[in-house]
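A.B. asks: First the structure, which I've put down as structure tokens, then a few questions once you've had a look.
The values are calculated or read from the model by the stated rules, or taken from the named source; none is laboratory data. What you see is a predicted model, and the numbers here were worked out from it, not measured in a lab. Counting neighbours? That spans all protein chains shown, and the Cβs are built from the backbone with ideal geometry, glycine included.
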Amino acid sequence: MHRTAHWPATAPPLDPVSGYLDIETTGLDARRHGVIAVGLFHAPNATPVVDQVFAEEPGEERALVAWTVEMVSSLERVVTYNGTRFDLPFLSARAARWRITWPPVVHEDLLMDARRWLRGRACSDGRLQTVLAHLNVPRHDGTTGAAVPILYRRWLREGEATVRDAVLNHNREDVVALPALAVALRRARPTTDGWTVVR
């Protein structure tokens, strides 16, 4: 299992007991697909850091899930985007597959606030990348979540570090954007025709 840590050059203040979580998988069905990467943006020693793990082969998923359980268990709150319907149920199911106990989690899903903001707006969808663009939250990676399983199959065939790094960079960009998205959504104020952004 490949592990990496990244210290963003700029980062908003992070609650030391909270973590921003995002996962990458080989598909949408936890019964047939697996977790291949996990990113956690947190500040365990008052310094914001993105900790990431990557399964270099499918058999490393158990270690990856165990690492995630250990990290999540150290937090009082986990923040995701669409984690209610995807990330956390998927992780729980994969933990059960490996006979690992998934811990109780206090969870905030930013998608809920994003949906309120999206009402009445001409947005094509509620994907994270779309919402970030509409709220002017910077994101510098062009890889889509749909491309990740394709990249992972290529990694298994070729073992090229650049392919692995493309998956990790996509994951890192997503998780680093979550605190900024939370701030942007909290600054939004309801109006009669939806939500508007207070700049």
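A.B. asks: For residues in the stretch 73-87 being in contact with a strand residue (DSSP E or B) (Cβ under 6 Å, 6 or more places away or on another chain) and part of a helix (DSSP H, G or I), which is farthest from V176 (Cα to Cα)? So that I can check it myself, show each step before the final result.
C.D. replies: So the first thing to find is which residues in the stretch 73-87 are in contact with a strand residue (DSSP E or B) (Cβ under 6 Å, 6 or more places away or on another chain), and the list is 75, 77-80, 83-84, 87.
Still in the list and also part of a helix (DSSP H, G or I): 83-84, 87.
Details: G83: 15, T84: 19, D87: 16 Å.
Filtering the stretch 73-87 for residues that are in contact with a strand residue (DSSP E or B) (Cβ under 6 Å, 6 or more places away or on another chain) and part of a helix (DSSP H, G or I), the one farthest from V176 (Cα to Cα) comes out as T84.
A.B. asks: Just one of (1) over 30 Å from E57 (Cα atoms); (2) modelled with pLDDT of 80 or more trips up N171, so point out which.
C.D. replies: All conditions are met except number (1).
A.B. asks: Another question, if that's okay. Mind telling me which of the residues A66, A46, A37, A95 ends up being buried (at least 19 other Cβ atoms within 10 Å of the Cβ) and outside any strand (DSSP E or B)? Steps first, answer last, please.
C.D. replies: Values: A66 fails: buried (at least 19 other Cβ atoms within 10 Å of the Cβ); A46 fails: buried (at least 19 other Cβ atoms within 10 Å of the Cβ); A37 fails: outside any strand (DSSP E or B).
Among A66, A46, A37, A95, only A95 is buried (at least 19 other Cβ atoms within 10 Å of the Cβ) and outside any strand (DSSP E or B).
A.B. asks: It is to be established whether one or more residues within the stretch 1-10 are of a type in the set (V, I, T), within 29 Å of D125 (Cβ to Cβ) and not in a loop (DSSP other than H, G, I, E, B).
C.D. replies: No, the stretch 1-10 contains no residue that is of a type in the set (V, I, T), within 29 Å of D125 (Cβ to Cβ) and not in a loop (DSSP other than H, G, I, E, B).
A.B. asks: Could you tell me how many of the residues in the stretch 98-109 are farther than 11 Å from V79 by Cβ, surrounded by fewer than 16 Cβ atoms within 10 Å (Cβ to Cβ) and in contact (Cβ under 8 Å) with a residue 12 or more places away in the chain? Reasoning before the result, please.
C.D. replies: Just the residues of the stretch 98-109 that are farther than 11 Å from V79 by Cβ, to begin with: 98-104.
Okay, now just the ones that are also surrounded by fewer than 16 Cβ atoms within 10 Å (Cβ to Cβ), so 98-99, 101, 103-104.
So of that shortlist, the ones also in contact (Cβ under 8 Å) with a residue 12 or more places away in the chain come out as 98, 101, 103.
Final tally of qualifying residues: 3.
A.B. asks: In the stretch 120-151, what count of residues is obtained for those that are modelled with pLDDT under 80, touching a Gly at 6+ places or on another chain (Cβ under 9 Å) and within 14 Å of A180 (Cα to Cα)?
C.D. replies: The total comes to 1.
A.B. asks: Further, regarding this structure: Taking the residues in the stretch 49-63 that are part of a helix (DSSP H, G or I) and of a type outside the set (G, A, S) as candidates, determine which candidate is surrounded by the fewest Cβ atoms within 10 Å (Cβ to Cβ).
C.D. replies: First pass over the stretch 49-63, keeping only residues part of a helix (DSSP H, G or I): 58-63.
Keeping just the survivors that are of a type outside the set (G, A, S) gives 58, 60-62.
Numbers: P58: 13, E60: 16, E61: 19, R62: 19.
Ranking the candidates gives P58 first.
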